[in-house]
Amino acid sequence: MNDTFLWIGLTNVVQPINIFVIVLGTLIGMFVGAMPGLSATMAIALLLPLTFQFEPATGLALLASLYLSAMYGGSIAAILLRTPGTPAAAATVIDGYPMAQAGKAGKALGFSLSASLVGGVLSSIVLLTVAPLLGQLVLNFGPVEIFAIAVLGITIIGSLSQGSALLGLLSGAIGLLIAMIGMDPTTGTPRFTFGNLNLFGGVEFTVALIGLFSIPQAIRLMTRGNTDVSGRISSVRDRMLPSARDFLAMLPNSLRSAVIGVFTGLIPGTGGDTASWFAYNEAKRFSRNKAEFGKGYAPGIVAPEAANNAVVGGALIPTISLGIPGSSSTAVLMGGLMVHGILPGPTLMTDYGDVTYTLLWAVLFANVALFAVGLLFTRACVSVTKIPNRVVGPVIVVLSIIGAYALNNSIFEIWLMLGFGLFGYVLDACRIPTPPLVIGLILGSVLDTSLEQSLLIGRGDWTIFLQSPIAAVLLTIAALSVLQATPFFGWLGRAIRRSRGLPEMEKDAGNT
């Protein structure tokens with residue numbers, strides 16, 4: 001069956017409309033990524049309403065290509081402005097900007113583009129092979145196991161969030177509460193609707209996403225003013241395409257960094273920024289010219305760029321096969337499935353195999369499209385970096401309002417989107433991470449339904465979750481991840497070190 005879906009997906013992705021949207025998404029993603037301060041997640045959230053007009057496979061191909069190309073687009077601002085266009089491009093600044101200052105901006109962008117191609121293609125191949133195997137493995141999962149997977153997804157992503165793990169878990173719990181708004185799927189009883197008929201159908205997921213990711217970013221752009229333009233590289237005059245000799249020289253570094261990116265992406269809650277720094281560190285460790293790093297050295301550009309593009313395929317593996325988003329961007333991609341009435345979960349690759357395999361192939365084709373589009377349009381993206389922040393911010397707000405209204409032609413959902421936007425801004429101000437909230441919002445319905453089904457099967461006996469070995473193991477891992485986030489584990493670690501006579505670690509060391 002999987003082989004059939006594999007070829008159906010390939011047939012779908014080579015249709016002219018899908019090739020067109022892949023190229024279009026690649027172009028949009030590059031321009032968005034090149035704008036300092038914008039992110040792939042925000043762009044995907046804004047374009048979600050547009051995909052409602054397409055077939056599911058076409059809409060997801062658009063979002064996947066945008067996600068992938070925004071990773072490369074972030075390196076454009078990093079190399080030319082010394083300002084990462086996306087968080088994943090932060091490590092690229094170290095060697096990319098000095099190389100551009102030396103009059104080799106085109107060469108730096110060419111290394112970034114080529115490394116992105118290698119990392120993206122390798123991760124796409126892994127995605128096409130590993131995700132179906134995991135999907136086959138979970139075919140026998142019932143409501144009990146699906147409930148355990150949902151719990152694990154929320155707790156792991158919450159505990160692995162940047163900053164306080166407790167705040168990450170709190171954010172995930174808030175997402176679960178928001179997901180409970182609406183009619184109970186089993187009894188039909190209204191929950192948390194406060195008598196408002198507009199909430200009886202629940203919170204529109206796309207409306208929440210647009211508000212949480214777009215409005216806070218627009219506010220930040222408008223309040224912080226224009227980007228500092230001192231030292232800006234205003235043009236790209238040299239050749240971008242690396243020579244065959246340069247490409248072969250960078251290949252081992254690219255492949256090693258791509259493997260790092262894939263494995264980092266597999267861990268829920270991590271992202272391209274983590275993979276980029278990890279790959280940069282390993283490239284420096286393996287290099288014979290360690291002193292050259294930070295001075296415009298090509299391997300210092302290749303490593304983070306190969307890693308952050310490889311994260312895309314890695315993060316999609318748990319998303320596709322288990323229904324657990326590997327990152328905030330893949331969580332929004334799952335929102336794209338929900339827009340089309342496709343419920344994410346372990347049965348995604350069987351119940352909706354044609355759509356899922358089209359998405360997998362689209363990721364591979366998007367990497368090739370990124371290389372071609374990047375060579376043709378990277379120089380045009382230089383002009384995007386000159387747009388003032390106070391122009392970009394209001395445009396984002398207008399697009400957000402249009403997107404929220406276009407879903408159901410509802411004024412109420414515009415206000416709801418703005419409410420989520422202000423809520424997201426408050427969360428950012430309090431340093432409460434938003435991605436766990438989104439994961440809770442996505443997995444909430446899955447968790448709710450599977451919990452009620454499991455208790456019906458067990459006739460109200462909660463020990464049914466311990467009778468399944470798979471569910472018991474998954475719930476144990478989830479419990480350990482929650483305990484790890486508590487102060488008890490820190491106290492226990494210090495007690496063990498004292499008992500062994502080891503020196504105490506500095507208080508701030510664990511927060512760096």
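The values are calculated or read from the model by the stated rules, or taken from the named source; none is laboratory data. Predicted model, so just to flag it, every value in this text is computed and none were measured. Note that we place each Cβ from the backbone using ideal geometry, even for glycine, and neighbour counts take in every protein chain shown. For accessibility, only protein heavy atoms count, side chains too; no ligands or nucleic acids. Shrake-Rupley method; radii C 1.70, N 1.55, O 1.52, S 1.80 Å.
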Study note, to complete from the structure: A careful count of residues in the stretch 269-292 that are aliphatic (A, V, I, L, M), within 26 Å of L360 (Cα to Cα) and either at pLDDT 85 or above or part of a loop (DSSP other than H, G, I, E, B) (or both) gives 1
Point to revise | Residues satisfying the stated conditions in the stretch 293-323, i.e. in a loop (DSSP other than H, G, I, E, B), open to solvent by 10 Å² or more (accessible area, probe 1.4 Å) and either modelled with pLDDT under 75 or charged (D, E, K, R) (or both) | key: K295
Check your understanding: under 22 Å from the mean Cα position of the chain (by Cα) and open to solvent by 20 Å² or more (accessible area, probe 1.4 Å): does that describe A179?
Key -> yes
Review point. Q453 is checked against (1) part of a helix (DSSP H, G or I); (2) in contact (Cβ under 8 Å) with a residue 12 or more places away in the chain; (3) within 24 Å of G168 (Cβ to Cβ); (4) open to solvent by 60 Å² or more (accessible area, probe 1.4 Å) and fails just one. What number does that condition carry?
Key: (3)
Study note, to complete from the structure: Within the stretch 346-367, residues over 12 Å from P132 (Cα atoms) and among the hydroxyl-bearing types (S, T, Y) come out as Y352, T358
Revision key, fill the gap. Filter the stretch 185-209 for residues that are open to solvent by less than 40 Å² (accessible area, probe 1.4 Å) and modelled with pLDDT under 80; the one that is nearest to D428 (Cα to Cα) is L209
Point to revise | One residue from I432, I442, I414, I396 being crowded, with 17+ Cβ neighbours inside 10 Å and without any contact (Cβ under 8 Å) to a residue 60 or more places away in the chain | key: I414
**Study point:** Selection status of T155, open to solvent by 60 Å² or more (accessible area, probe 1.4 Å) and either at pLDDT 85 or above or of a type in the set (S, T, Y) (or both)
**Key:** no
Exercise for review: List every residue pair whose Cβ atoms sit under 7 Å apart, with the two residues 6 or more apart in sequence or on different chains, where the first one lies in the stretch 197-209 and is within 15 Å of I411 (Cα to Cα) and among the β-branched types (V, I, T) and the second, anywhere, is open to solvent by 20 Å² or more (accessible area, probe 1.4 Å) and not in a helix (DSSP H, G or I).
Suggested key: V203/I181
Exercise for review: Given the conditions (1) open to solvent by less than 10 Å² (accessible area, probe 1.4 Å); (2) not in a helix (DSSP H, G or I), report the number of the one that G341 does not fulfil.
Suggested key: (1)
Check your understanding: Is it true that P56 is farther than 22 Å from L333 by Cα, surrounded by fewer than 24 Cβ atoms within 10 Å (Cβ to Cβ) and over 15 Å from the mean Cα position of the chain (by Cα)?
Key -> no
Exercise for review: Can you run down the residue pairs with Cβ atoms below 6 Å, 6 or more apart or on separate chains, where the first is in the stretch 276-298 and within 20 Å of R82 (Cα to Cα) and among the charged types (D, E, K, R) and the partner is open to solvent by less than 100 Å² (accessible area, probe 1.4 Å) and part of a helix (DSSP H, G or I)?
Suggested key: K295/P98
Check your understanding: Is one or more of the residues making up the stretch 259-268 under 20 Å from the mean Cα position of the chain (by Cα), modelled with pLDDT under 80 and surrounded by fewer than 24 Cβ atoms within 10 Å (Cβ to Cβ)?
Key -> yes
Review point. Just a yes or no: is a residue in the stretch 214-221 among the hydroxyl-bearing types (S, T, Y), assigned to a helix (DSSP H, G or I) and open to solvent by 10 Å² or more (accessible area, probe 1.4 Å)?
Key: no
Exercise for review: Name, by its number, the condition in (1) open to solvent by 40 Å² or more (accessible area, probe 1.4 Å); (2) of a type outside the set (D, E); (3) in contact (Cβ under 8 Å) with a residue 40 or more places away in the chain that does not hold for L376.
Suggested key: (3)
